[in-house]
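Chemist: Right, I'll just put the structure down here and ask away after.
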Amino acid sequence: MFNLRFTKDYVLHTLNAKNRHGLHSPFVYRLVDTVVYDLEPKNVYREIEKLRHGLLNDTRSITLTDPITGAYTSKKISLVATETLRISKIDQLLHRLAAFLKPANMLEISACPGITSLYLHYGAPKANFYAWEEYTETFEIAQDTFKKAAVADINLITGSHDKTLLRLKNALDRLDFVLINSGHEKKQALKYFELCLPAAHEKTLFVVDGIYQNKGMTEAWNKIKAHPKVTVTVDLFWIGLVFFKKGQAREDFKIKF
């Protein structure tokens, strides 16, 4: 279905966003110039994209349980992948961000179907990387993706937000890189942001997915930008980057991507 609001937001973003020229922040200029606009193809992209193609053509079915009603629904893996995969250029940017920042601890919130996880892992292979997926059925899709990639050192975990994710966050006193995928729900996005915030430090990056996906997510993004601990944000339309750098002038950037 054609989404008029989303299209309008995209047009407005394109008209108002900058490229690397005209940026007065040395940190943001370097980030945009060397990471965001590094569009050279890399061998790892090709290998992961083969797995993406496989997921989008996987005719196997899984049984999903509605978390509210408890009803069972059968769905093809190809459809689950279509609904959850990001576009390739965003996954590849996340890979470059991880490679640029070299985080020691990474957390991905909502890992299914595992393609983004692989991009992050190959970007920062030495990181202590936790990928959380709430539901067992979709957890198994990500698990299968990692197996096909012969990757065994991503800590893939499943369980409820209130128990598993909270316990994991409490075990990690510092988070260097956090990818927040809330299923494009405002309440969940803000909950995950607040949950991870105590472990953030001045070199931490939070990535918020789908910031223009709907009205609620845009409201969540604006609230995150206004948080007193946030100093720099970079709005790339598809995702938002959140930094907590001390001594940095508070500023919000919109960048064409």
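The values are calculated or read from the model by the stated rules, or taken from the named source; none is laboratory data. Remember, it's a predicted structure, so these values are computed and weren't measured experimentally. All Cβ positions, glycine included, derive from the backbone under ideal geometry; neighbour counts span all protein chains shown. For the accessible areas, the whole protein counts, side chains as well, though only heavy atoms, and no ligand, DNA or RNA atoms are used. Shrake-Rupley method; radii C 1.70, N 1.55, O 1.52, S 1.80 Å.
Chemist: Quote to one decimal, in nm, the extra length available between residue 174 and residue 246 on full extension: 0.36 nm per residue of separation minus the C-alpha distance between them. Before the final figure, lay out each step's value.
Modeler: Details: separation 72, 0.36 × 72 = 25.92 nm, distance 1.61 nm.
So the chain would gain 24.3 nm between residue 174 and residue 246.
Chemist: OK, next. What is the distance, in nm, between label points placed 7 Å from the Cα along the Cα-to-Cβ direction at residue 147 and at residue 184?
Modeler: 3.0
Chemist: log₁₀ I(q)/I(0) of the chain at q = 0.07, 0.11, 0.17 Å⁻¹, via Debye over equal Cα point scatterers, no solvent, to two decimals?
Modeler: Scattering profile of the chain, log10 relative to I(0): -0.23, -0.59, -1.50.
Chemist: Taking only Cα atoms, what is the 0 to 90° angle, nearest 10, from helix 186-196's long axis to the longest principal axis of the chain?
Modeler: Value to nearest ten degrees: 80.
Chemist: So for each of 159-169, 118-128, 17-27, 182-192 I average, over its residues, the number of other beta carbons within 10 Å; can you give me the resulting order with the highest mean first?
Modeler: 118-128, 182-192, 159-169, 17-27
Chemist: Applying 1/(1 + (r/R0)^6) with R0 = 41 Å to the Cβ-Cβ distance of residue 229 and residue 4, what FRET efficiency is obtained, to the nearest 0.05?
Modeler: On the way: r = 35 Å, r/R0 = 0.85.
Rounded to the nearest 0.05, the efficiency is 0.75.
Chemist: So, R0 is 30 Å and r is the distance between the beta-carbons of residue 167 and residue 222; what FRET efficiency does that work out to, to 0.05? Please list the in-between numbers first.
Modeler: Values: r = 30 Å, r/R0 = 1.01.
My answer for the efficiency is 0.50.
Chemist: In Å, what Kirkwood hydrodynamic radius results for region 138-177 from the alpha-carbon pair distances?
Modeler: Numbers: mean 1/r = 0.0857 Å⁻¹.
Mean inverse Cα-Cα distance, inverted, gives 11.7 Å.
Chemist: By how many nm would the segment from residue 17 to residue 57 grow when fully extended, if each residue of separation counts as 0.36 nm and the alpha-carbon distance is taken off?
Modeler: Values: separation 40, 0.36 × 40 = 14.40 nm, distance 3.57 nm.
In short, 10.8 nm is gained.
Chemist: Let me check I've understood the local charge: for residue 158, count other residues with C-beta under 9 angstrom from its C-beta, Lys and Arg +1, Asp and Glu -1. What total comes out?
Modeler: Working: positive: none; negative: 133, 134, 140.
Cβ neighbours under 9 Å give a net charge of -3.
Chemist: According to the square roots a ≥ b ≥ c of the eigenvalues of the Cα gyration tensor, what is the shape class of region 67-197, taking rounded for a/c under 1.5, prolate for a/b larger than b/c otherwise, and oblate for the remainder?
Modeler: On the way: a/c = 1.58, a/b = 1.17, b/c = 1.35.
Because a/c hits 1.5 or more and a/b fails to exceed b/c, region 67-197 counts as oblate.
Chemist: Express in nm, to one decimal, how much length is gained between residue 29 and residue 202 on full extension, taking 0.36 nm for each residue of separation and deducting their alpha carbon distance.
Modeler: Working: separation 173, 0.36 × 173 = 62.28 nm, distance 1.80 nm.
Roughly 60.5 nm would be gained on extension.
Chemist: Whole-Hz Karplus ³J(HN,Hα) for region 24-38, in order, using 6.51 cos²θ - 1.76 cosθ + 1.60 and θ = phi - 60°, x for Gly and Pro?
Modeler: 9, 8, x, 5, 5, 4, 5, 4, 5, 5, 9, 10, 4, 9, 7
Chemist: State the Kirkwood hydrodynamic radius of region 158-257 in Å, one decimal place, computed from all pairs of distinct Cα atoms.
Modeler: It works out to 13.8 Å.
Chemist: Per DSSP H run of n ≥ 4, the term is -39500 (n - 2.57); total these for the chain, divide by its residue number, and report the mean residue ellipticity at 222 nm rounded to 500 deg cm²/dmol.
Modeler: Mean residue ellipticity at 222 nm (helix-derived): -12000 deg cm²/dmol.
Chemist: I've got another one for you. Based on C-alpha coordinates, I'd like the Rg and Dmax of region 7-91, in Å.
Modeler: Radius of gyration, then largest Cα-Cα span, for region 7-91: 19.3, 54 Å.
Chemist: Given a 1.4 Å probe, how much area per residue of region 139-242 is accessible, in Å²?
Modeler: Details: 4500 Å² over 104 residues.
Per-residue accessible area for region 139-242 comes out at 43 Å².
Chemist: For a test of the definition: using alpha carbon positions, the gyration tensor, and the 1.5 limit on a/c, classify region 1-40 as rounded, prolate or oblate. It would help to have the intermediate numbers written out before the result.
Modeler: Working: a/c = 3.98, a/b = 2.09, b/c = 1.90.
It is prolate, given that a/c is not under 1.5 and a/b is the larger ratio.
Chemist: Here's a follow-up. Once you list every other residue whose beta carbon is under 12 Å from the beta carbon of residue 73, what net charge do they have if Lys and Arg are +1 and Asp and Glu are -1?
Modeler: Numbers: positive: 75, 76; negative: 66, 137.
Summing Lys and Arg as +1 and Asp and Glu as -1 gives 0.
Chemist: A further question follows. Under the Karplus relation 6.51 cos²θ - 1.76 cosθ + 1.60, θ = phi - 60°, what is the ordered set of whole-Hz ³J(HN,Hα) values for region 5-12, x standing for Gly and Pro?
Modeler: 5, 4, 5, 4, 4, 5, 5, 5
Chemist: Roughly how tilted is helix 88-101, in degrees to the nearest 10 and between 0 and 90, from the longest Cα axis of the chain?
Modeler: 60
Chemist: Percent of Cα-Cα pairs more than 29 Å apart in region 1-154, please. If you can, show how the numbers build up before the last one.
Modeler: Details: 3546 of 11781 pairs.
Value for region 1-154: 30 percent of Cα pairs lie more than 29 Å apart.
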